[in-house]
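All remarks here apply to the structure that follows.
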Amino acid sequence: MKKDDCIFCKIANGEIGSDTVYEDDMFRAILDLSPASKGHILILPKEHYDDLFELSDECGERLMATAKKVALAAKKALHADGINLVQNNGEAAGQTVRHFHMHIIPRYESDDKTMVAWTPHDSDPEEQKQIASAILKEIKEL
Ligand code: AMP
Ligand code: ZN
């Protein structure tokens with residue numbers, strides 16, 4: 001399904017122009033309009049999914065192979081020193097466009113190294129066990 005008022009549906013399906021770096025029957029990969037680094041790419045499914053939780057399994061299964069291909073091409077073309085794959089789901093996670101997308105962010109030794117960062121905290125072994133068991137329980141019920 002496409003969503004009428006979704007800009008990424010329009011871009012993915014070619015109704016709005018973009019700097020396309022890859023396209024097949026399921027995905028279009030484009031350059032991000034406000035890149036975090038030189039060659040920042042977004043992989044967009046042509047079907048509309050709000051986020052990871054809506055993504056079809058078929059699309060999810062093909063996504064990583066597609067990301068690998070596009071990331072490798074970007075790494076070679078731009079002589080990047082590394083690549084981050086980033087994928088945000090929900091406002092709390094920084095998602096600003098509600099059409100699933102995967103970021104491919106080439107990294108360079110000269111980068112400021114502040115983009116994909118978090119503060120590591122100490123972990124409590126007892127709490128870790130509780131967290132793991134809560135997630136395991138949910139997985140069994142999926
Ligand atoms: P996110 O915060 O994960 O939802 O990422 C949304 C990304 O889409 C941001 O990096 C934006 O710069 C990018 N973006 C928004 N509108 C466009 C557009 N029209 N063309 C290309 N990239 C866009
Ligand atoms: Zn959409």
Extreme residue, nearest to Ser56 (Cα to Cα), among residues of region 1-16 that are within 9 Å of ligand 2 (Cβ to nearest atom) and touching a helix residue (DSSP H, G or I) at 6+ places or on another chain (Cβ under 7 Å): Lys2
Phe8 vs. criteria within 11 Å of ligand 1 (Cβ to nearest atom), in contact (Cβ under 8 Å) with a residue 12 or more places away in the chain and under 30 Å from Asp81 (Cβ atoms): yes
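Of all residues in region 91-118 being modelled with pLDDT under 90 and not small (Gly, Ala, Ser), which is most open to solvent (accessible area, probe 1.4 Å)?
Trp118
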Qualifying position, being among the basic types (Lys, Arg) and modelled with pLDDT under 95, among Lys68, Lys75: Lys75
Residue that is nearest to ligand 1 (Cβ to nearest atom), among those in region 34-54 that are open to solvent by less than 30 Å² (accessible area, probe 1.4 Å) and hydrophobic (A, V, I, L, M, F, W, C): Leu42
Filter result for Leu31 (farther than 19 Å from Met1 by Cα, under 15 Å from the mean Cα position of the chain (by Cα), surrounded by fewer than 17 Cβ atoms within 10 Å (Cβ to Cβ) and away from ligand 2 (no atom under 16 Å from the Cβ)): yes
Residue that is over 25 Å from Glu91 (Cα atoms) and touching an Asp or Glu at 6+ places or on another chain (Cβ under 7 Å), where the choices are Asp81, Asp24: Asp81
Out of Asp19, Asp24, sole residue that is charged (D, E, K, R) and more than 11 Å from ligand 1 (Cβ to nearest atom): Asp24
Only one of Asp57, Asp81, Asp124 that is over 20 Å from Leu33 (Cβ atoms), open to solvent by 90 Å² or more (accessible area, probe 1.4 Å) and not aromatic (Phe, Trp, Tyr): Asp57
Of residues in region 119-142 being part of a loop (DSSP other than H, G, I, E, B) and either in contact with a Cys (Cβ under 8 Å, 6 or more places away or on another chain) or among the hydroxyl-bearing types (Ser, Thr, Tyr) (or both), the one modelled with the highest pLDDT: Ser123
Residue satisfying all of: in region 34-72; among the β-branched types (Val, Ile, Thr) and in contact with a Phe, Trp or Tyr (Cβ under 7 Å, 6 or more places away or on another chain); nearest to Met1 (Cα to Cα) among these: Ile43
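The values are calculated or read from the model by the stated rules, or taken from the named source; none is laboratory data. Keep in mind that what you see is a predicted model, and the values were worked out from it rather than measured. Glycine gets a Cβ as well: all are built from the backbone with ideal geometry, and neighbour counts include every protein chain shown. Heavy atoms of the whole protein, side chains included, go into the accessibility calculation; ligands, DNA and RNA do not. Shrake-Rupley method; radii C 1.70, N 1.55, O 1.52, S 1.80 Å.
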